[in-house]
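Here is the structure we will look at.
Bear in mind that the values in this text are calculations on the coordinates, not laboratory data. This one's a predicted model, so the numbers in the text were calculated from it and none came from an experiment. Note: ideal-geometry Cβ built from the backbone for every residue, glycine included; neighbour counts use all protein chains shown.
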Ligand SMILES: [Fe+2]
């Protein structure tokens, strides 16, 4: 078995154990992300999801090539539901952040990645509505099944975070139970592109927390809070939680949105040829906060040396961010 210690820097927290508040803070401070084990997860659902999305992206990319157009796209909703294809989105970063990075990123203008947004709302009030591709008969059940697993783990991690930040354990749940959470497979064509191609350029995520499990191919790189860039290999059967911009607002900038990028590594290229698999698919869910949540530092952080952020609702903040992303 491959030795992964070179790539794994933080400890893994097992949800079956009692996780101490200090552990959470140490992890976020030193690494900027959390790695979690959850024994309830049905990992077969993850494999079914990968199989489905590899086939899906493959089919749609061929259709785009042959017909010059593709189904399942909703530009009128800024591609926030259904399919988004290569080069429609821009990586989202603050120029200011470059000052703090020891390892400087390679900046790209457009992301040559594909994505599919599959929303989940606790209240069932989908707007825009979910979209099911008509030529994939198990799409809905496979996506729902995997989305459920990730959301269940997230709910427990949010309880732990609420307590670590000295709020009631329902605090974050109460601030996310009327939001749209997106299961968001990202598809990267490993054969079309050259080694070192950035599929997702240097960026932060605009949501609250991003949740990932390990992809079938490597390629995720993150910037640690000290500005160093490392390859992050998520271990098998482990879930990664990475703060997005809304997390940064809620913690007064003590825990910043994690910068990251995905690229085509030499190893992924070789594996892709050996296995005759074209697509690197991510297993990702973007957790949002409710539209009416006001983004301001939580009490726990108010006494710390925090940055000044203007109090703004999630809805307003999200609108600002989406305007920067282009999607045209
Ligand atoms: Fe991202």
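Some observations on this one:
- Spatial extent of the chain: Rg and Dmax, with the Cα atoms as the point set, Å: 18.9, 59
- Distance from segment 257-303 to segment 167-206 (C-alpha centre basis), Å: 4 Å
- Helix 21-30 and the long axis of the chain differ in direction by around 60°, with both axes built from C-alpha atoms.
- More than 17 Å apart - percent of Cα-Cα pairs taken over segment 255-299: 60 percent
- Helix content alone sets the calculated 222 nm mean residue ellipticity of the chain: runs of n ≥ 4 DSSP H residues at -39500 (n - 2.57) each, divided across all residues, give -9000 deg cm²/dmol.
- Stretch gain in nm, segment residue 192-residue 134, where the contour uses 0.36 nm per residue and the Cα spacing is subtracted: 18.2 nm
- Debye log10 I(q)/I(0) for segment 236-328, one point scatterer per Cα, at q = 0.18 Å⁻¹: -0.94
- Packing, taken as the mean count of other beta carbons within 10 Å per residue, orders the peptides 195-205, 97-107 from highest to lowest as 195-205, 97-107.
- If you take the Cα centroid of segment 51-65 and the Cα centroid of segment 71-95, the two points sit 17 Å apart.
- Temperature 37 °C, viscosity 0.692 mPa s: under these conditions the Stokes-Einstein estimate for segment 115-193, based on its Kirkwood radius over C-alpha pairs, is 225 µm² per second.
- In segment 48-87 the Cα-Cα distances spread across 10 Å bins starting at 0 as 28, 51, 21, 0 percent of all pairs.
- Mean projected area of the Cα convex hull of segment 1-125, taken over all directions, amounts to 13.0 nm².
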